[in-house]
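The values are calculated or read from the model by the stated rules, or taken from the named source; none is laboratory data. Please read these numbers as outputs of a predicted model, since none were measured by experiment. Positions of Cβ are backbone-derived with ideal geometry, glycine not excepted, and every protein chain shown enters the neighbour counts.
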Amino acid sequence: MRVVSVEMRDFRTYARAEARLGDGLTVVHGPNGAGKSNLLEALYFGCTGRSPRTRNERELVRFGAGATRVAVRLLDGERRHDLTVGYGTVPGATRAERRMTADGAPVERLLDVSTRPLVSVFLPDRLELVKGPPGLRRAHLDQVVAAVWPARAQTRREYARVLAQRNALLARIRSGRASQSTLAAWDGELARHALELTAHRAEVVALLAEPFAQRASELGCSGQATLEYRPRSRASDVEEFAAELRERLPQDLERGFSGHGPHRDELAIVREGRELRVYGSQGEQRLALLALLLAERAVLARERRRTPLMLLDDVMSELDGERRELLARELSTDGQSVIATTDLAHVPGAADSSVTRLRISPGAILQEAIAA
């Protein structure tokens, strides 16, 4: 599965624009503020139905326009597929809406579409994944689990459903509208999904650990870099987890919600025994994020025989020449990658005939070269 092109209408700074990608490496270049990041965001938005930069989709609509639309054309062998995502107010509607289609048919979630390409994105904004709150890392870890084993995504949804039910019951017990005796059934169901979710996360972290450490070292992260999954529970079966919940019931009733379970777990990104979230410089955090995304790329290529489309913005600026060569070589070996840069000289091999080049000026995209 590869992305052939993306078309944008009233997306960020683009009124109307189209970009065609090569089979391997595509380099997007232009001055700061020209719209390079917006193009990468449009690719991600068109493949996933969400933005990697904002939760407020109104920000995606070009100033002065009422709606935006992104269309992504795909090829799977000789078979063509199309994904579209639109957001905004259309005639007859009372509020802004998001609309998505796959091969012309409306869908609720692009993430469930089998013909959708896997996508991984490196943006300066995504440093929050390393230095931000644990919830961001948990959500990302669950996305990687779903990418490696799509059927396992249901476990996370079931856990969230049961957790919400238990929290609602805690609120009723706290207000005197329900009895504590009604908790046992929910505790057992929550425990079952919690143990399954924890096992899935631990398994994917084990798959990522070695390629992450290797790439962190190659990229110049000083000292040993490791991933550590830190679950709150030490239970080995449903009864042990349910016992942990009963032990913490007084605190849960006082707070009004469940404070124990995989929704409180942590994925720690560590260098020499210290968390980069707290002790790492911004440069070290950038390297760790890039190493993590490259490790996920390697795992997905091995486990699913599907290499994700890599979208990398301003990734070369803090790497020396040797590590730029290493990164460019890895991204050129398999799958598609798009690198945005202000300077073509920062991307080794950018002038080669095997590389597709797009030059960006404010609101416009010039196709300089297309590599088949």
Report summary line: Result of the Cβ filter at 8 Å on the stretch 238-262, keeping first residues that are in contact (Cβ under 8 Å) with a residue 60 or more places away in the chain and partners that are surrounded by fewer than 18 Cβ atoms within 10 Å (Cβ to Cβ) and assigned to a loop (DSSP other than H, G, I, E, B), at least 6 apart or interchain, is 252/259; 261/232; 262/232
Query raised in the report: What pairs come up if the first residue lies in the stretch 41-68 and is among the basic types (Lys, Arg), the second is surrounded by fewer than 18 Cβ atoms within 10 Å (Cβ to Cβ) and not in a helix (DSSP H, G or I), and their beta carbons are under 7 Å apart, counting only those six or more places apart or on different chains?
Result: 58/96; 62/15
Report summary line: Selection from the stretch 215-270 of residues under 26 Å from residue 172 (Cα atoms) and either in a strand (DSSP E or B) or of a type in the set (A, V, I, L, M, F, W, C) (or both) yields 238, 241, 242, 243, 245, 249, 253, 257
Query raised in the report: How about the stretch 145-190: which of its residues are basic (Lys, Arg), without any contact (Cβ under 8 Å) to a residue 60 or more places away in the chain, under 16 Å from residue 263 (Cβ atoms) and touching a helix residue (DSSP H, G or I) at 6+ places or on another chain (Cβ under 7 Å)?
Result: 156
**Report entry** Identity of the residue in the stretch 353-372, in contact with a strand residue (DSSP E or B) (Cβ under 9 Å, 6 or more places away or on another chain), modelled with pLDDT of 90 or more and not aliphatic (A, V, I, L, M), that ends up surrounded by the most Cβ atoms within 10 Å (Cβ to Cβ)
**Finding:** 356
**Report entry** Extreme residue, surrounded by the fewest Cβ atoms within 10 Å (Cβ to Cβ), among residues of the stretch 288-320 that are within 19 Å of residue 26 (Cβ to Cβ) and of a type in the set (Gly, Ala, Ser)
**Finding:** 317
Query raised in the report: Can residue 202 be described as within 21 Å of residue 147 (Cβ to Cβ), among the aliphatic types (A, V, I, L, M) and out of contact with any helix residue (DSSP H, G or I) (no Cβ under 9 Å at 6 or more places or on another chain)?
Result: yes
Report summary line: By residue number, the members of the stretch 216-243 that are modelled with pLDDT of 95 or more, farther than 15 Å from residue 272 by Cα and buried (at least 18 other Cβ atoms within 10 Å of the Cβ) are 229, 231, 233, 235, 241, 242
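Every residue, every condition in (1) on the phi < 0 side of the Ramachandran plot; (2) out of contact with any Leu (no Cβ under 9 Å at 6 or more places or on another chain), yes or no:
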{"position": "18", "(1), (2)": "yes, yes"}
{"position": "35", "(1), (2)": "no, yes"}
{"position": "57", "(1), (2)": "yes, yes"}
{"position": "68", "(1), (2)": "yes, no"}
Query raised in the report: Would you pick out the residues in the stretch 214-262 that are hydrophobic (A, V, I, L, M, F, W, C) and over 27 Å from residue 296 (Cβ atoms)?
Result: 235, 238, 241, 242, 243, 245, 249, 253, 257
Query raised in the report: Of all residues in the stretch 193-204, which are surrounded by fewer than 19 Cβ atoms within 10 Å (Cβ to Cβ) and within 27 Å of residue 284 (Cα to Cα)?
Result: 202, 203
Query - All positions within the stretch 306-319 that are of a type outside the set (A, V, I, L, M, F, W, C) and at pLDDT 90 or above - result: 306, 307, 308, 313
Query - residue 75 vs. criteria surrounded by fewer than 16 Cβ atoms within 10 Å (Cβ to Cβ), among the aliphatic types (A, V, I, L, M) and in the same structural domain as residue 330 (by TED's automatic domain parsing) - result: yes
Query raised in the report: Do you know which residues across the stretch 317-330 are touching a Lys or Arg at 6+ places or on another chain (Cβ under 9 Å) and within 20 Å of residue 119 (Cβ to Cβ)?
Result: 330
Report summary line: Exactly one of 152, 166, 137 is of a type in the set (D, E, K, R), closer than 21 Å to residue 303 by Cα and modelled with pLDDT of 95 or more, and that residue is 152
